[in-house]
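Shown next, in structure tokens, is the structure this report addresses.
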2 protein chains.
Amino acid sequence: MSKGLPKRSEDYSLWYNELVKRADLAENSAVRGCMVIKPYGYSIWEKMQAELDRMFKETGHTNAYFPLFIPKSYLSKEASHVEGFAKECAVVTHYRLKNAEDGSGVIVDPEAKLEEELIVRPTSETVIWSTYKNWIQSYRDLPLLVNQWANVVRWEMRTRLFLRTAEFLWQEGHTAHASAKEAMEETEQMMNVYAQFAEEFMALPVVRGRKTENERFAGADDTLCIEAMMQDGKALQAGTSHFLGQNFAKAFDVKFATKEGGLDYVWGTSWGVSTRLMGALIMAHSDDNGLVLPPKLAPIQVVIIPIYRKDEEFEAISEKAKEIMAELRKAGISVKYDNRDTHKPGFKFAEYELKGVPLRIAIGPRDLENGTIEIARRDNLSKSQFELSSQPIAEKITEMLDEIQNSIYSKAFNFREEMTTEVNSWEEFKEVLENKGGFLSAHWDGTSETEDKIKELTKATIRCIPLARKEEDGNCVFTGKPSKGRVYFAKAY
Amino acid sequence: MSKGLPKRSEDYSLWYNELVKRADLAENSAVRGCMVIKPYGYSIWEKMQAELDRMFKETGHTNAYFPLFIPKSYLSKEASHVEGFAKECAVVTHYRLKNAEDGSGVIVDPEAKLEEELIVRPTSETVIWSTYKNWIQSYRDLPLLVNQWANVVRWEMRTRLFLRTAEFLWQEGHTAHASAKEAMEETEQMMNVYAQFAEEFMALPVVRGRKTENERFAGADDTLCIEAMMQDGKALQAGTSHFLGQNFAKAFDVKFATKEGGLDYVWGTSWGVSTRLMGALIMAHSDDNGLVLPPKLAPIQVVIIPIYRKDEEFEAISEKAKEIMAELRKAGISVKYDNRDTHKPGFKFAEYELKGVPLRIAIGPRDLENGTIEIARRDNLSKSQFELSSQPIAEKITEMLDEIQNSIYSKAFNFREEMTTEVNSWEEFKEVLENKGGFLSAHWDGTSETEDKIKELTKATIRCIPLARKEEDGNCVFTGKPSKGRVYFAKAY
């Protein structure tokens, strides 16, 4: 199965594309730029959704659903929103097909032209704030804490499975508050929820930071983000949380009666993560044998494979396998027994390596005699014999899954640390960017001009101003002008 | 709150519309024909989704995701599909906006015209079967049992919240099989899953039946359905399951190597339920005070309301309320304590009646003294005193919730039985249809001509040929021609 998967060291990009397809995660569809998320890939996304949804609800949010279509005029209402956004999008102009007169198929009925074109939502601030206008009258209606799980469309020219597709799945939170302070706290809270999710479930260490004005969401006063480091030394923005100020409230005239008897515009936030996280998950941990999944997001955590020649052996092994399965399931571990007789063990081993199943148990006739099983870890490919009488099997497996989860995280964390370099001169900047990659921690003079110039020269962008950065006087790595602290530059997905 | 909700007996249609809005279930959006599903409405839909999704998975299905857009040419590939379907749909013709030169906003960029128009999916058979072509080579790849949760768009001219909207949410299952027999079994299985869900969770009795050729899904060889009866005597199709034969396999050239070494087209099914079920749920059970929710789908199953004058009373009651809440939550019951001091108990009572919360517990100072609470049932509006020492509270509430679930079902079942009338002459048919409504169980000669004629004259359609009907010789209620059994006619949503 995994034979022929390209090596990361030779062609990282090809490795990624092939892995996504061969591990049955996703594939390109016949519709330009749109992907098909295959059952195995979707089951990982479902696990992500379930955890995120739980975290959103625990922080007081509820789900709702808003229209797919946005009237074209809405986009113009928030000036910087339309400027920075939504130019490349799918436009619905007609609402009917009819049979071609020559019988060649169907054509668009020219009579069924919409008075105002509809845009397939690239994001939903405009349609949601136009709705909030009716939902919010008084401070008693606030805060309004709503999330939606939805598909969105941005007409990307160069697409890549999960990382950049014309249609993708995401969640978008849209909240409304009575004060700037409360909205800013929400913005921070949701960035922290994303960071916690990435680190705890995806085993993906992230830098929490603030976007520069250049990289800010169009229509936001402030954008917080989490940034992750991929194995090829490129950064990936894994989630953003925006403080919208009163911008959308003003654009859609959303005012509320304050506790003090006044009338004021509402303060807003929005925040989202998407199926892009699938790309991050794959690129952060996987290896030349295939996917490596953190146990907390693995649809199958343990696979059991029988090794046998004779039918009696198979029956005896199956009995033992079923015993073990029952024990594991009781402990909430998801386990599969692959008893197909159409494939050899070696084939199955490769298949589950490709699919990133964290633990593989093999049972042969000698194991039955000895009361042992062989347990193989996917993350470090180590194998060990386990004596079934030595410890309850569910306890052992639970320990190992925890160990794998932590170990994957540590590995990614150490890699990220290694790939974060303090650079103090322009020469050093260029040298490290070209030969090593990763995050470049460097002083910057705070101007968009310098940021643009560096991007133009090197393709590196400021990923974020880390929230945890220390105040430190220095000089901009490019202009030499004074700076108050370091920011993270990187080439990015 | 519920003051002013129109009465069902006076204007059923207005009652429904107002109820949907006032109970915070959904509202019309600024986008023609599209609805906003509000948080409370969406939380009911989420409960439906969770149960259905579990049932799909228990019957071996997995979820996946396919593109929102369908190339126009795909629709023409299955002849009867395009004929019977998909004429009224949203058509994407362009992929970019640009600033108007006069600065008036954004306009569609005429240069960004798609070579082939894209249709926003009205259903996904075509795009999915074009994908299955690559997924299926051999009988080993079968059966393929896939479901997707998605939004779809059908450009309806006359829309109604939940019942008929341009965009709606649904699930669509698409399966592929090696034999006609297996595909037909799947078609039946999924109809039964829908029926079980409707009856067990929605407390909605349904008739399982087969559609006539006229009413069949475009592209199917057979359509099974579940039909429910609403309180105004109109029927509502609550779910359909289609046997597609080899139609889509032929249209998209999906062949497989058979076990016997041959090559054959794959057999298909598709099946779906949508947010329309929300409409059915509302219309089947609710009353002039508002929503009546079956406990198994109620986002809040129990609400506790304190009745007090003085602050000390409130504190003592709150302590008791929290004790009860903890007990109920431990038993998996969802409970809310409404301790708002901005609203009077009477206001709260009306609000939770409007929202259909199955049980309301009121606690006053005298209750504290006596060790009692007042429990009110939403479905029959009965109230009773409960002595807390007489039985563990969680046990009592669990019993009552079960009782309500059963009682709502029985009420709907009895109503449906009452509203099902055997008619044996054309006069009787017209008389019952006009004055009583409901299902008319009548003989029919089996021809589309008669079916069309009856529809034209009375607006009644054949809802289904009940699967449980008995063979019975008779004469068509309209033409007098011979018939082998009765079918169900009704006016329908």
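A few comments on the model shown:
- Mean residue ellipticity, 222 nm, helices only, chain B: the sum of -39500 (n - 2.57) across DSSP H runs of n ≥ 4, divided by residue count and rounded to 500, is -11000 deg cm²/dmol.
- Relative contact order %, segment A:1-82, counting alpha carbon pairs below 8 Å whose residues are six or more apart: 13 percent
- Cα gyration tensor, chain B - rounded (a/c under 1.5), prolate or oblate: prolate
- Segment B:143-219 - charge dipole about Cα centre, Lys and Arg +1 at Cβ, Asp and Glu -1, debye rounded to 20: 360 debye
- Cα gyration tensor shape of segment B:73-113, rounded if a/c is under 1.5, else prolate or oblate by comparing a/b with b/c: prolate
- Using a 7 Å projection from Cα along Cα-to-Cβ, the label point at B:Arg366 is separated from the same position in the remaining copies by 8.2 nm, smallest value first.
- The alpha carbon convex hull volume per residue for segment A:420-490 rounds to 73 Å³.
- Cα shape, the protein assembly as shown, gyration tensor, a/c 1.5 rule: rounded
- Dipole of the protein assembly as shown, positive direction: furthest Cα of B:Cys464, B:Val92, B:Ala321, with charges on the beta-carbon: B:Val92
- Heavy-atom accessible surface of A:Ser76, to the nearest 10 Å², is about 40 Å², with a 1.4 Å probe and all protein chains retained.
- Computed over segment A:304-413: relative contact order in percent, which uses C-alpha pairs under 8 Å that are six or more apart: 26 percent
- Taking GluC sites (Glu not before Pro) as exposed when their DSSP state is a loop state and no more than 15 other Cβ atoms lie within 10 Å, the longest site-free interval of chain A runs over A:261-470.
- Top positive-direction residue, dipole computed over chain B with Cβ charges, set B:Ser441, B:Gly105, B:Ser179: B:Gly105
- Computed over chain B: relative contact order in percent, which uses C-alpha pairs under 8 Å that are six or more apart: 14 percent
- Calculated label separations, A:Gly60, copies of the chain, 7 Å along the beta-carbon direction, nm: 4.8
- Leading residue at positive end of dipole, the protein assembly as shown (Cβ point charges), from A:Asn370, B:Val432, B:Pro365: B:Val432
- When only the Cβ of Lys, Arg, Asp and Glu is charged (+1, +1, -1, -1), the dipole of the protein assembly as shown relative to its Cα centre reaches about 380 debye.
- Label-point spacing at B:Asp288 relative to the other copies reads 7.9 nm, in ascending order, each point sitting 7 Å out from Cα along Cα→Cβ.
- When only the Cβ of Lys, Arg, Asp and Glu is charged (+1, +1, -1, -1), the dipole of chain A relative to its Cα centre reaches about 420 debye.
- Neighbourhood charge, 11 Å Cβ-Cβ cut-off, centred on A:Ile128 and excluding it, Lys, Arg +1 and Asp, Glu -1: 0
- Interface of A with B. Using a 1.4 Å probe and counting protein heavy atoms only, the two chains hide about 5200 Å² of accessible surface, both sides summed.
The values are calculated or read from the model by the stated rules, or taken from the named source; none is laboratory data. All figures in this text were calculated on a predicted structure; none of them were measured in a lab. Here Cβ is always computed from backbone atoms with ideal geometry, including for glycine, and neighbour counts include all displayed protein chains. Side chains are part of the model used for accessible areas, which takes the heavy atoms of the whole protein and leaves out ligands, DNA and RNA. Shrake-Rupley method; radii C 1.70, N 1.55, O 1.52, S 1.80 Å.
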